[in-house]
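I have placed the structure first, in the form of structure tokens, so that the comments after it can refer back to it.
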Amino acid sequence: MTATSQEIRQAALILESGGLVAFPTETVYGLGADAENSQALAKIFALKDRPTDHPLIVHLPPEAELAQWAVNIPEAAHKLVTAFWPGPLTLILKKAAHVSNAVTGGQDSVGLRCPSHPVAMALLRTFKKGKGGVAAPSANRFGHVSPTTAQHVRDEFKDGEKLDARLGMILDGGQSEVGIESTILDLSRWEKKGAVLLRPGHISVERIAEVIGVMPCAPDIAAPRASGTLESHYAPRTPVVLVSSSELATNMKQWVAAGKRIALIHYTAVGDTGAIVHRALPAVADGYAHHLYASLRALDGVGADLIAVELPPQNAAWHGVNDRLRRAAHGVQST
Ligand code: TXA
Ligand code: MG
């Protein structure tokens, strides 16, 4: 199942010749192109239907130097790289002059991340002999649920029975371990603002604060744009509704009585709810995150009127999960 070294070499060649490759990371699957080839980058936006002013994260091998891609790098960035790379943390830094507008969405900052998935690391070490960067958003159509398996990527980019020809290859690396996208931390305005959390993820603000000595703050109006911070994102096609544990039984009864077909995601014991299908997820945040997107995708395909999700605990450990659920449910009326 996992990509062979021959497939990884082939994928690196496709990237070097300006093509697109989907590859596994420990968070979600990415849709990669050469970060220094504007024509290749344009293909990402076209395939995803993504607005071109949304910046892309540049993925680097573990041996890469931040100074190759960024300038004005604060000491805090080096400390975070030592503590968390390779791993699910993206750093936003002031961009080096050569980094193209296609990557940055016209902003003066660049997002950098070194993934820890062995297939991703092998690909990045092979591509341009480890001297390049692979720009990659999550490998899904804009606004949809991120893929955590190679099959999810195939489902996103089907062209009839075949794969969309614009996607050169999908490297398989099994199911992504973390399951939700990387934590994004803006350090591009360090002197004025310190560290700013743009997207919560597996690496928590508490762990970041232990390394840099200050707690990251919430984004302000001048913070760099991140599409993962749009109100509606990460959404299945079936409407998603969040329901507190205490109201779950009553709401389910009302929906079922009104003839609604409900698919249910829960993490406490709920008994017989009348849901047409349900998924019990782990009651710990990391385990829950690992299964979340696969569950949303599976329940999106059962013909339900609503996907009801039992609201997880509202504490720090669940920050990343709650963030994704809130965006998946955005704009949906609860009845
Ligand atoms: O875990 C991840 O981060 C995955 C894997 C594939 O690495 N990637 C991912 O990419 O989630 P994407 O494009 O779906 O989300 C990346 C987020 C976007 O919200 C984008 O706006 C933000 O990163 N971003 C990238 N560069 C940025 C920059 N210079 N300033 C602010 N935000 C940036
Ligand atoms: Mg995405």
Self-check item: FRET E, pair Arg207, Lys128, Förster distance 41 Å, beta-carbon r, rounded to 0.05
Solution: 0.80
Practice problem: Calculate, in whole percent, how much of the Cα-Cα pair population of region 145-244 lies beyond 22 Å. | Solution: 51
Quiz item: Of all the C-alpha pairs in region 95-198, what % are more than 19 Å from each other?
Solution: 57
Quiz prompt | Tail fraction, Cα-Cα pairs, region 1-158, threshold 25 Å, whole percent | solution = 23
Quiz item: Ordered by packing density, taken as the mean number of other Cβ atoms within 10 Å over each peptide's residues, highest first, how do 170-179, 125-134, 313-322 rank?
Solution: 170-179, 125-134, 313-322
Quiz item: Going 7 Å from the Cα of Ala67 toward and past its Cβ, which residues in region 99-116 have a backbone nitrogen under 19 Å from where you end up?
Solution: 99, 110, 112-113
Self-check item: region 240-328: radius of gyration over Cα atoms, expressed as a fraction of 2.2 N^0.38 Å
Solution: 1.02
Quiz item: Helix 75-84 sits at what angle to the longest principal axis of the chain, using alpha carbons and giving 0 to 90 degrees rounded to 10?
Solution: 60
Practice problem: For each pair in Lys79/Lys128; Lys94/Lys192; Lys48/Lys131; Lys48/Lys95; Lys48/Lys158; Lys94/Lys193, compute the distance between the two Cα atoms and list the pairs where it is over 19 Å. | Solution: Lys79/Lys128; Lys48/Lys131; Lys48/Lys95
Self-check item: Per-pair calculated FRET efficiency, R0 = 30 Å: Asp220 and Ile276 via Cβ, rounded to 0.05
Solution: 0.10
Exercise. Starting from the Cα-Cα distance between Asp53 and Asp108, subtract it from 0.36 nm times their residue separation and give me the gain in nm to one decimal.
Key: 18.6 nm
Practice problem: Mind pulling the angle between the C-alpha long axis of helix 245-257 and the longest principal axis of the chain? Nearest 10 degrees, somewhere in 0 to 90. | Solution: 60
Quiz item: Leaving out same-chain residues fewer than 8 places away, which aspartates and glutamates sit with a Cα under 19 Å from that of Lys43?
Solution: Glu16, Asp34, Asp53, Asp155, Glu156, Asp159, Asp164
Quiz prompt | Label point distance in nm, Phe142-Lys158, each placed 7 Å from Cα along Cα→Cβ | solution = 2.3
Quiz item: What ranking of Lys192, Lys253 comes out by heavy-atom accessible area, probe 1.4 Å, highest first?
Solution: Lys192, Lys253
Practice problem: Enter the per residue convex hull volume of region 100-146, computed from alpha-carbon coordinates, in Å³ rounded to the nearest integer. | Solution: 106
Quiz prompt | Convex hull of Cα atoms in the chain, direction-averaged projection (nm²) | solution = 16.8
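The values are calculated or read from the model by the stated rules, or taken from the named source; none is laboratory data. None of these values were measured; they are calculated from a predicted model. Glycine also receives a Cβ, built like all others from the backbone with ideal geometry; neighbour counts cover every protein chain displayed. Surface areas here come from the heavy atoms of the whole protein model, side chains and all, with no ligands, DNA or RNA. Shrake-Rupley method; radii C 1.70, N 1.55, O 1.52, S 1.80 Å.
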